[in-house]
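*Asks:* A single structure is presented below for examination.
The values are calculated or read from the model by the stated rules, or taken from the named source; none is laboratory data. Keep in mind it's a predicted model, so treat the numbers as computed, not measured. Counting neighbours? That spans all protein chains shown, and the Cβs are built from the backbone with ideal geometry, glycine included. When the accessible area is computed, the model is the full protein with side chains, heavy atoms only, and any ligands, DNA or RNA have been set aside. Shrake-Rupley method; radii C 1.70, N 1.55, O 1.52, S 1.80 Å.
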There are 2 protein chains.
Amino acid sequence: MKKRNEFSGCTISSYEGSCLDKLSEDEKQLIENHSVKIKYKKGEVICKQGGFVSQVMLMNKGLAKVYIDNGTNSLLLRMIPNGSLIGLSSVSEAYPTFPYSAMTYVDSEIIQIDVKIFRKLIAQNTEFAKEIINILSSNSIQIYGRFFCLTYKQAYGRLADIILCLSDKIFMKENFNLPLSRKDIAELSGMSSETVVRMLKKFNEEGLIKMNGKHLEVLDADSLQRISDTG
Amino acid sequence: MKKRNEFSGCTISSYEGSCLDKLSEDEKQLIENHSVKIKYKKGEVICKQGGFVSQVMLMNKGLAKVYIDNGTNSLLLRMIPNGSLIGLSSVSEAYPTFPYSAMTYVDSEIIQIDVKIFRKLIAQNTEFAKEIINILSSNSIQIYGRFFCLTYKQAYGRLADIILCLSDKIFMKENFNLPLSRKDIAELSGMSSETVVRMLKKFNEEGLIKMNGKHLEVLDADSLQRISDTG
DNA sequence: AAAAGTTATTGACATAGATCAATTAATTTT
DNA sequence: AAAATTAATTGATCTATGTCAATAACTTTT
């Protein structure tokens, strides 16, 4: 029997693979002909909440965040690692504008695909459409988990979550250089940057992580997991 | 130019109409042949988080909530008014279990539709598939708003949001008998029931609402809206 | 390499709203 | 309709984090 997944603040969706695999050679060529590859520098805005969507964007190489804001506060919804799409909710003609903004964390390479082509392919290829439904569903499920986590977990648990997410899902090693500022981590874990600093220090003192400026090493993933579960 | 929508904690998705309208007569008949109408009493569980999905459910008459919980805490994701679907994320074979639970607020009538039929129709009718994508997108957008609201608005703003949502979207009059307990309202607006009581009392004293036990009347929607925006 | 600007760290303090406890009101069961 | 149960209200208290202010440590620009 499968263990019931607990909710985590983790910021990447569980969908694996690529919807593009479901396309025929002709269809792939069509996408090819209607897409361009663009380079973004670290910290550049990829799309703006409220703006018209004309392309769906595929992260080819890099890392970005998707967030909503009202001018005063900003809420990070999810991260975009390699292979993830941005702007999918707008394949519905009913939602022609981005419901969120996106910004790169590091220098990134993004493939822009004409959203009209996306819509056409959905209308002609049901396997592709099913795959889009899969992605939308997995995005929803990820958001539910993050929503629950940010609403009910205490700050230590949320921070532990994010450290584990970075190590397990994003960098896939327990030892990495953070391309994120303390403020970024604060945004990820839904707390103030001062609180992040204090709590990272505590984790460090307790031997759960080894932290030196931008360098982070997970020493005791089990304990972090326990804090995430309890917190 | 359209005014940019602000985020609200409102709990129903903006999708209007019915995906079933996109079906042919034959397809409608197919649904008809593979669905049953079920009556639920107030407070009954419609589906359980983690359980297998075998039917997609359509609220025919009544009101329900969709929520996730971990045994200790419960987070209300959205309300299900007439015409809304439950269990849509599971039309993907990749997600065969409910990611949430649902429970009726009042006596309700629900149409259960075999999920296999739903999947078949998605695979054969692209208009229908597009409509499902529309619904999933609008659900996501609603959740983003609620997520933002519960994370950043203060309690007064969240409560004002919910009162307006109940009056505008659910009961569609400024004068209604609440079928919800204080605890339900607390869950909707993400706070403790004691805080709900105190704040409703305050709104009442200030003449924004008229409240008498279960009966609620919105007296000053503009001020409530202002509190929602500011809070 | 000095100056200017930005980000990280630490400490002190404030507070929104949760929790706990007690009372009253409403509803359900006997 | 009395008793028992559940829900609503009120008051008192507590606390996890945010906010503000002051350095300290980096980074970038000159």
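*Asks:* I'd like to check something: does the stretch A:174-181 contain any residue that is more than 16 Å from DNA strand C (Cβ to nearest atom), free of Cβ contacts under 8 Å to residues at least 12 places away in the same chain and under 22 Å from the mean Cα position of the chain (by Cα)?
*Replies:* no
*Asks:* Sticking with this structure for a sec: Could you run through the stretch B:187-209 and say how many residues are more than 8 Å from DNA strand D (Cβ to nearest atom), open to solvent by 50 Å² or more (accessible area, probe 1.4 Å) and under 26 Å from B:Ile80 (Cα atoms)?
*Replies:* 1
*Asks:* Only residues that are part of a helix (DSSP H, G or I) and surrounded by fewer than 20 Cβ atoms within 10 Å (Cβ to Cβ): list them for the stretch B:174-186, please.
*Replies:* Of everything in the stretch B:174-186, those that are part of a helix (DSSP H, G or I) and surrounded by fewer than 20 Cβ atoms within 10 Å (Cβ to Cβ) turn out to be B:Arg182, B:Lys183, B:Asp184.
*Asks:* State yes or no: is B:Leu159 part of a helix (DSSP H, G or I) and either more than 14 Å from chain A (Cβ to nearest Cβ) or within 16 Å of DNA strand D (Cβ to nearest atom) (or both)?
*Replies:* yes
*Asks:* Just to be sure, is A:Glu194 free of Cβ contacts under 8 Å to residues at least 40 places away in the same chain and more than 13 Å from chain B (Cβ to nearest Cβ)?
*Replies:* Criteria met by A:Glu194.
*Asks:* What number goes with the only condition from (1) open to solvent by 30 Å² or more (accessible area, probe 1.4 Å); (2) closer than 29 Å to B:Arg78 by Cα; (3) more than 10 Å from every other protein chain (Cβ to nearest Cβ) that A:Phe171 does not pass?
*Replies:* Of the numbered conditions (1) open to solvent by 30 Å² or more (accessible area, probe 1.4 Å); (2) closer than 29 Å to B:Arg78 by Cα; (3) more than 10 Å from every other protein chain (Cβ to nearest Cβ), the odd one out for A:Phe171 is (2).
*Asks:* Another question about this same structure. Looking at (1) among the acidic types (Asp, Glu); (2) within 14 Å of chain B (Cβ to nearest Cβ); (3) touching a residue at least 12 places away in the same chain (Cβ under 8 Å), which one does A:Glu44 not meet, given that it meets all the others?
*Replies:* (2)
*Asks:* Follow-up question, since we're still on this one. Taking the condition farther than 22 Å from B:Met57 by Cα and within 9 Å of chain A (Cβ to nearest Cβ), does B:Gly213 pass?
*Replies:* Criteria not met by B:Gly213.
*Asks:* Against the conditions (1) within 19 Å of the chain's Cα centre (by Cα); (2) assigned by TED's automatic domain parsing to the domain that holds A:Ile117, where does A:Ile12 fall short? Just the number, please.
*Replies:* Result: A:Ile12 fails condition (2) only.
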